[in-house]
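Visitor: I'd like to ask some things about the structure below.
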Amino acid sequence: MAGNEYDVAVVGGGLVGAATSWGLAREGLRVALLDEGDRDVRASRGNFALVWVQSKGLGLAAYAGWTIRSSDAWGGFSDLLKQETGLDVCFQRPGGFHLALSETELEARANVLKRLHDQPGIVEYKTEILDHGQVAKMLPDIGPEVVGASYCPLDGHVNSLRLFRTLHTAINARGVTYLPSHRVENITKEGGEFRLHTEKGEVRAGKVALAAGNANMRLAPMVGLEAPMRPERGQIVVTERLRPFLDYPVVTLRQTDEGTVMIGDSKEESTDPRGLTIGVSSTEAERAVRQFPLLANVNVVRTWSAIRVMTQDGFPIYDESETHPGAFVLCCHSGVTLCANHALTVAPMIARGALDKSLVAPFSARRFHVQAPQ
Amino acid sequence: MFKRLSKPRGETGEAVSLKVDGKPIRARAGDTVAGAMLAAGVDRFRTTPVTESPRAPYCLMGVCFDCLVTIDGVGSRQACLVPVREGMAVETQIGKREAGR
Amino acid sequence: MTRTADVVVIGGGIHGCSTALHLALRGLKTVVIEKDYAGRHASGVNAGGVRQLARDHAEIPLSVSSMAIWERIEDLVGDDCGFESHGTVLVAESEEELAGFRARVDDLRLKGFTHEELIDQAELRRLVPAVSEHCPGGVVSRRDGAADPFRTTQAFRRRAIERGAEVIEGVKVTGLSRVGDVWRVETSDGPIEAPKVVNAAGAWADRIALMLGEPVPLTVIAPMLMVTSRLPSFIQPVVILRGRKLSFKQLGNGTVVIGGGHLATPHRDRNETVLDWEKLAISAATVWELFPVMRQATIVRAWAGIEASMADGIPVVGPSATSEGVFHQFGFSAHGFQLGPGTGAVMAELVATGKTNVPIADLAITRFLPARKRGEVPL
Amino acid sequence: MNASELQSSYELVVVGGGPAGLAAATLAAKAGVQTVLFDENPGVGGQIYRGITNTPVADRAILGEDYWAGAVLASEAEASGATIVNGATVWSLDPNRLVGVSIAGQARMVKTQRVIVATGSMERPFPIPGWTLPGVMTAGAAQTVLKAQGLVPTGRTIMAGCGPLLWLLAAQLLRAGAKIEAILDTAPRINWLKAAMHLPGFLLSPYWSKGLALLREVKAKAPVIAAHRVEAHGKDKLSEVVFATGAGERRMKADLLLLHHGVVPNVNLAMAAGVAHRWNSRQLCFEPVVDADFATSLRGIAVAGDGAGIAGGTAAAERGRIAAIAAVQALRPAASVMDVQTVRQSLAREEMGRAFLDALYQPAPSFRRPTGDTIACRCEEVTARQVRDTADLGCEGPNQMKAFLRCGMGPCQGRLCGLTVTELIAEQRRSTPDEVGYYRLRPPVKPITLAELASLPKTEAERKAVER
């Protein structure tokens, strides 16, 4: 369609939308990326930056495979980004820990992993349960209350804020039209072209990819799709920069390449991104000090809360519209971990105009309609 | 950079002694650590955790965080807000703080 | 076609030009009508004293506002106007006179003004080393000074034009009437209509007021000045004497300007003054008495400017009592030069907003109205 | 006092022990309101009356009578019955008026019915090349050590900037015997024309005579040079100041450079609480939206003093009183307090000359919106060019900027780069600071240790949100 302004309009300027836009631009498409304003909610500014494998997939075995695929692609993905932008997103995959502060916690942990790996069709990956002494060999600064941990060698982390900036730098270099303060109010399809109506005017494109996080819930029905979401608030505590002391990420605590320590992984059922519960931060701080007593006197510089993009069952949604061909929806919680997949696997599918069912069929929202067997 | 006024009000003299990077200095009771260090001629309080460039106090009112030093083994204390105490051990801070101190 | 403006200012002296500049800064379209040229009369040929000292209480607020501008005059008008600040000293010639000064300074302090400071003989000697030995002290206003009057008036005129005001010279105002919502100012060059008019017509201001039905007791005067040959530098501050009608200052080039209130005979309809050399001789004699160093000086030139003097010696500043939209700014009684910069600012505020917080009520034209008209109940 | 001695709740919490806080606490406590005042400095007085209870400066003429007026405020507060806690850092305030405070390494949460935030002002960021070098300080910093500790600069001292406080400090330093090599006056001449329309108000204000007297005093003793560009040079510390005048570039050797471009409200605590703020285009800063009683958009939370918009120390005390009268009337309707109208009148008098000063001393754009490698964010060492380039990428606001560049993420939490980043984005994107907005701030507004945070009380639900 020569009349289209853009081949694809991607809605949502977070990590999922930016990675998808970059992947589409790599396919030679004219892409518009529509974003909201500076003060609007954006999960990509508040994530924990893990590229995480362990415990992914309990309840949907295919998710484990999808996660490992992205984790494996991450090294090459970060190299590509570096070549294009000169920016290093500091991807590392040293393996990661999930620490337990009591025997009960450790048992529960072992139980989760056993159930996960007992699922039919699960891809095999190594996860070990280690005792205090074994953990201390790798994490010498753990406190006496740490009774053990689970460890998975596939786990890693990146500098997610730099990743965010790098993706924006890369899409800018590839000619993607970035349109901030273009909150999409309505989407219509006329004569084979999508019209996205925003306060700042209309954007027309041949295809549309919804990557708007929790806002997909509102947008998806406009193009015959659905995205049942269950937003969740998480809080993170960040310290001042410290000299490196922690060689591995822990699921609730990691040291960034800049030196700061991020502490988090709380879950609250609230959707007010401004609210911040001191008691939750305090619990996070307390556990962090029990895990690593040497952090007791370290200064907390910031705390923040962010709304997780969470589907109703916690697994991603990738779907294409049957009523509005050319419309796609992408929803996931792990925008960092799955970033390589979105850029290198999902974007080319959208460019081709059809999702590859062999890879993403399990993530269709139709799973929410499955009736219980009679 | 600074010297003391010759005729101070109240108790005279520099009655408090403390150490900065192991070197003894004298201070007046009521001084902040930053004030005492400036009066003693210390012109570098720390280097930054980002590029290790040198810094000294900029605002002296608690907002700039360029006067961060290690006091009695605890890092990143605002020298402009902490009063001097007899026997205090102050260390200038190089680059990122070390966890545990 | 009748021209229009937001404000017509009648008179292109220091006051008219200053008000025009401040009006222009507020974005009002302003036209100044000057019958001769800017600074032709009192504004251009006065002694140049920039003095807060010894002013009537009623005009002190305007004086201090002006001083704030004088000290940064170059920033406002782009010319330093020759302003130099070495203070003004009021010399007391007797203990009795000094006691009177002390009472005044104390009274000013109570009212919140601190610019006047009583000084003893030693400080007087320090400031004015050449003063005669019989003087026991005085009052100093340390930030006072002197400037070049003609240059100052021209600087205000120039900056007002740069900021959008129009200055029409060589044109007389011949009539003033209300037409609907605006004032129609008849001039020798045709009418101009504007909702607001400022009467800053100096020695001719009473005629404008009369057109509005507001007679005022204005006397036309012509204060005389003379200048001496160059002398070695012997004094920095401007010196004034209250008892003897004298003020004088030494300029940077060594010449001394002597003034102080002796008057020539003015002929305002001919734009002329006739000097009174006998009175000039009195001024000269006073100076010689106080400053022996002056005896070798010769008078090289004398002149006088035409000026308005009010019966009570203080100016008329504020709205007309009879005519809405007209504002008066005249009658500075031979001490208006210093007041020009600040009065212009206050006047512009008054014209633009209808009010000012600066206390100018004592300068209102209503003070010349019969008590009955002022609304006061006779005893 | 240590943190464990604090009550779990007070009727009124006042944050900040400057003129606004002291006046507010005094008035409220005298009216019978149970009041606590938290101040992070070792002694009360705030910045303007810094060290008022124990300054070693013996010669009263050095600091001037306006300074000593603070002693009355301090002693009245002392006698008022309010609990005054120094060394107490308030690091959190939430819309439900739960106050997080830290004293000597111990944190506590305190509940209260009313809060008066009196966190005052701080000096505007002065981002010039080399402003992070040791030897470059704010003018206020030099004033602080003079007041609190009787220290005066030695060696070659240069001051640069504009604003009434610059002249006051210069006069104080000169009286204290310091030598000032030069004062680089950065006020643009054009400001005079903008300020002139506010002159009538200025002349009635208390500023004019004091201000002009200071100007004269300073000019008599130190050379004043108009400069439109100032740079600090040196390797590991300041060695030279380079500046541009109308007559070309000049260089002067220097050991100390004192910078000042006026003060701006210290908004971090009020913003983190969620108080609505707006851009003040005259004072070029963000300030809380307050009503005549200095009440904010959040119930029970007032912001008084310079924190509500710059008006100076005497006005700050009057504002504190007005906010306190409102608090007393809400908490103790039967108590007798002074007539608020009288206080409003004094306040109006104090605020009268402000418009003129704001216009006259508005720093030139080139000093507010740096270019090239000049550091914008001192903590994270982010340059002006990085901010500008990132804005060109499409980054529209400071929060996205923070995510991309880490500016504002260091320990000062944006205090020294917030206005710069907002103004740079506005310029680059041809927008306005009001549209661009400010960093979204979160507690702790001052760093506290993990152990302090860990020690705070938590509910079962809050624990459950983390422990799984």
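The values are calculated or read from the model by the stated rules, or taken from the named source; none is laboratory data. As the structure is a computational prediction, the values presented were derived from the model and not from experiment. Because the Cβ atoms are built from the backbone with ideal geometry, glycine has one as well, and the counts that use them run over all protein chains shown. Just the protein is used for accessible areas: all its heavy atoms, side chains included, with ligands, DNA and RNA removed. Shrake-Rupley method; radii C 1.70, N 1.55, O 1.52, S 1.80 Å.
Visitor: Would you check which residues across the range C:234-269 are in contact with a strand residue (DSSP E or B) (Cβ under 6 Å, 6 or more places away or on another chain) and either hydroxyl-bearing (S, T, Y) or over 18 Å from C:L290 (Cα atoms) (or both) and list them?
Guide: C:S247, C:T255, C:L263, C:A264, C:T265, C:P266, C:R268
Visitor: Take the residues in the range C:189-205 that are part of a strand (DSSP E or B) and either not aliphatic (A, V, I, L, M) or not assigned by TED's automatic domain parsing to the domain that holds C:G11 (or both); name whichever of them is least open to solvent (accessible area, probe 1.4 Å). Walk me through it before giving the result.
Guide: Looking only at the range C:189-205, we keep the residues that are part of a strand (DSSP E or B), and these are C:192-194, C:196-199.
With either not aliphatic (A, V, I, L, M) or not assigned by TED's automatic domain parsing to the domain that holds C:G11 (or both) added as a condition, the list becomes C:193, C:196, C:199.
Values: C:E193: 43, C:K196: 62, C:N199: 0 Å².
The extreme case among them is C:N199.
Visitor: So which strands (runs of 3 or more DSSP E) are wholly in the range D:147-232 and hold at least 3 residues that are touching a strand residue (DSSP E or B) at 6+ places or on another chain (Cβ under 7 Å) and free of Cβ contacts under 8 Å to residues at least 60 places away in the same chain?
Guide: D:180-185, D:224-226
Visitor: Something else about it: Taking the range D:423-450 as the search range and keeping residues that are within 22 Å of B:V74 (Cβ to Cβ) and touching a residue at least 60 places away in the same chain (Cβ under 8 Å), which one is farthest from the other protein chains (Cβ to nearest Cβ)?
Guide: Per the criteria, the residue is D:V445.
Visitor: I'd like to know if the range D:212-226 contains one or more residues that are open to solvent by less than 10 Å² (accessible area, probe 1.4 Å) and farther than 30 Å from C:R163 by Cα.
Guide: Yes, the conditions are met somewhere in the range D:212-226.
Visitor: Please specify each residue of the range D:109-138 satisfying the condition of being aliphatic (A, V, I, L, M) and more than 10 Å from every other protein chain (Cβ to nearest Cβ).
Guide: Across the range D:109-138, the qualifying residues are D:V110, D:V115, D:I116, D:V117, D:A118, D:I128.
Visitor: If you take the residues of the range D:240-249 that are away from chain C (no Cβ under 14 Å) and without any contact (Cβ under 8 Å) to a residue 24 or more places away in the chain, which of them is nearest to D:T154 (Cα to Cα)? Lay out the reasoning, then the answer.
Guide: First, the residues of the range D:240-249 that are away from chain C (no Cβ under 14 Å): D:240-245, D:247-249.
Adding the requirement that they be without any contact (Cβ under 8 Å) to a residue 24 or more places away in the chain leaves D:240, D:242, D:244-245, D:247-249.
Numbers: D:E240: 15, D:V242: 20, D:A244: 25, D:T245: 26, D:A247: 29, D:G248: 28, D:E249: 25 Å.
The extreme case among them is D:E240.
Visitor: Exactly one of these conditions fails for D:A104: (1) surrounded by 17 or more Cβ atoms within 10 Å (Cβ to Cβ); (2) of a type outside the set (D, E); (3) within 14 Å of chain B (Cβ to nearest Cβ). Give me its number.
Guide: Of the numbered conditions (1) surrounded by 17 or more Cβ atoms within 10 Å (Cβ to Cβ); (2) of a type outside the set (D, E); (3) within 14 Å of chain B (Cβ to nearest Cβ), the odd one out for D:A104 is (1).
Visitor: Look through A:G259, A:G335 and report the one residue that is small (G, A, S), part of a loop (DSSP other than H, G, I, E, B) and without any contact (Cβ under 8 Å) to a residue 24 or more places away in the chain.
Guide: Only one candidate passes the filter, namely A:G259.
Visitor: Could you check A:D313 against (1) in a loop (DSSP other than H, G, I, E, B); (2) out of contact with any Ser or Thr (no Cβ under 6 Å at 6 or more places or on another chain); (3) buried (at least 22 other Cβ atoms within 10 Å of the Cβ) and say which number it fails?
Guide: The number of the failed condition is (3).
This table checks each residue for (1) of a type in the set (V, I, T); (2) in contact with a Leu (Cβ under 8 Å, 6 or more places away or on another chain); (3) surrounded by fewer than 20 Cβ atoms within 10 Å (Cβ to Cβ); (4) closer than 19 Å to C:R51 by Cβ.
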| residue | (1), (2), (3), (4) |
| --- | --- |
| C:A103 | no, no, yes, no |
| C:K111 | no, no, yes, yes |
| C:I119 | yes, yes, no, yes |
| C:V128 | yes, no, no, yes |
| C:S141 | no, yes, no, yes |
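Visitor: Can you tell me which residue among C:V182, C:V131, C:V171, C:V167 is of a type in the set (V, I, T) and not assigned by TED's automatic domain parsing to the domain that holds C:G202?
Guide: Working: C:V182 fails: not assigned by TED's automatic domain parsing to the domain that holds C:G202; C:V171 fails: not assigned by TED's automatic domain parsing to the domain that holds C:G202; C:V167 fails: not assigned by TED's automatic domain parsing to the domain that holds C:G202.
None of the others qualify; the one that does is C:V131.
Visitor: Out of all the residues in the range A:43-50, is one or more in contact with a Leu (Cβ under 6 Å, 6 or more places away or on another chain), closer than 28 Å to A:F328 by Cα and either open to solvent by 10 Å² or more (accessible area, probe 1.4 Å) or modelled with pLDDT of 95 or more (or both)?
Guide: Within the range A:43-50 (the criterion being in contact with a Leu (Cβ under 6 Å, 6 or more places away or on another chain), closer than 28 Å to A:F328 by Cα and either open to solvent by 10 Å² or more (accessible area, probe 1.4 Å) or modelled with pLDDT of 95 or more (or both)), the answer is yes, since at least one residue qualifies.
Visitor: Got a number for residues in the range A:245-289 being basic (K, R), surrounded by fewer than 18 Cβ atoms within 10 Å (Cβ to Cβ) and over 19 Å from the mean Cα position of the chain (by Cα)?
Guide: 1
Visitor: Out of the range C:274-292, which residues are within 17 Å of C:S247 (Cβ to Cβ) and hydrophobic (A, V, I, L, M, F, W, C)?
Guide: Passing the criteria: C:L280, C:A281, C:I282, C:A284, C:A285, C:V287, C:W288, C:L290, C:F291.
One line per residue, one yes/no per condition, for (1) farther than 28 Å from B:K7 by Cβ; (2) open to solvent by 30 Å² or more (accessible area, probe 1.4 Å); (3) not in a loop (DSSP other than H, G, I, E, B):
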site	(1), (2), (3)
D:A23	yes, no, yes
D:L37	yes, no, yes
D:I62	no, no, yes
D:A71	no, yes, yes
D:E76	yes, yes, yes
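Visitor: Do we find that D:G150 is over 23 Å from D:A187 (Cα atoms), out of contact with any Lys or Arg (no Cβ under 6 Å at 6 or more places or on another chain) and at the interface with chain B (Cβ under 10 Å from one of its Cβ atoms) in this structure?
Guide: The answer is no for D:G150.
Visitor: Which of the residues that make up the range D:434-468 are open to solvent by 60 Å² or more (accessible area, probe 1.4 Å) and among the polar types (S, T, N, Q)?
Guide: Matches in the range D:434-468: D:S455, D:T459.
Visitor: Separate question: Within the range A:290-308, identify whether any single residue is farther than 30 Å from D:V101 by Cβ and open to solvent by 20 Å² or more (accessible area, probe 1.4 Å), and answer yes or no.
Guide: Within the range A:290-308, one or more residues are farther than 30 Å from D:V101 by Cβ and open to solvent by 20 Å² or more (accessible area, probe 1.4 Å).
Visitor: Counting just the residues of the range C:162-188 that are crowded, with 18+ Cβ neighbours inside 10 Å and within 14 Å of chain D (Cβ to nearest Cβ), which one comes out farthest from C:G305 (Cα to Cα)?
Guide: Looking at the filtered set, the residue picked out is C:R163.
Visitor: Given the options C:L76, C:L23, name the one that is touching a Ser or Thr at 6+ places or on another chain (Cβ under 6 Å) and within 14 Å of another protein chain (Cβ to nearest Cβ).
Guide: C:L23
Visitor: Can you name the helices (runs of 4 or more DSSP H) wholly within the range C:42-131 that have at least 1 residues being touching a residue at least 12 places away in the same chain (Cβ under 8 Å) and touching an Asp or Glu at 6+ places or on another chain (Cβ under 7 Å)?
Guide: Values: elements: C:42-45, C:60-70, C:73-77, C:95-110, C:121-127.
Hits in the range C:42-131: C:42-45, C:73-77, C:95-110.
Visitor: In addition: Run D:L257 past the list (1) buried (at least 18 other Cβ atoms within 10 Å of the Cβ); (2) part of a strand (DSSP E or B); (3) under 18 Å from the mean Cα position of the chain (by Cα) and report the number of the one that doesn't hold.
Guide: (3)
Visitor: Could you list, in sequence order, all residues of the range D:332-353 that are among the hydroxyl-bearing types (S, T, Y), in a helix (DSSP H, G or I) and open to solvent by 70 Å² or more (accessible area, probe 1.4 Å)?
Guide: The answer is D:T342, and nothing else.
Visitor: Need a quick list: strands (runs of 3 or more DSSP E) entirely within the range B:1-96 having at least 1 residues that are more than 7 Å from chain D (Cβ to nearest Cβ).
Guide: Details: elements: B:2-4, B:16-20, B:23-27, B:68-71, B:74-78, B:89-92.
Once the strands (runs of 3 or more DSSP E) in the range B:1-96 are filtered for at least 1 residues that are more than 7 Å from chain D (Cβ to nearest Cβ), what remains is B:16-20, B:23-27, B:68-71, B:74-78, B:89-92.
Visitor: Has the range D:319-331 got at least one residue that is open to solvent by 10 Å² or more (accessible area, probe 1.4 Å), within 14 Å of chain A (Cβ to nearest Cβ) and part of a helix (DSSP H, G or I)? Write out each step before concluding.
Guide: From the range D:319-331, those open to solvent by 10 Å² or more (accessible area, probe 1.4 Å) are D:319, D:321, D:326, D:329-331; that's our starting set.
This time we only want the ones that are within 14 Å of chain A (Cβ to nearest Cβ), so: none.
Among the residues of the range D:319-331, not one is open to solvent by 10 Å² or more (accessible area, probe 1.4 Å), within 14 Å of chain A (Cβ to nearest Cβ) and part of a helix (DSSP H, G or I), which makes the answer no.
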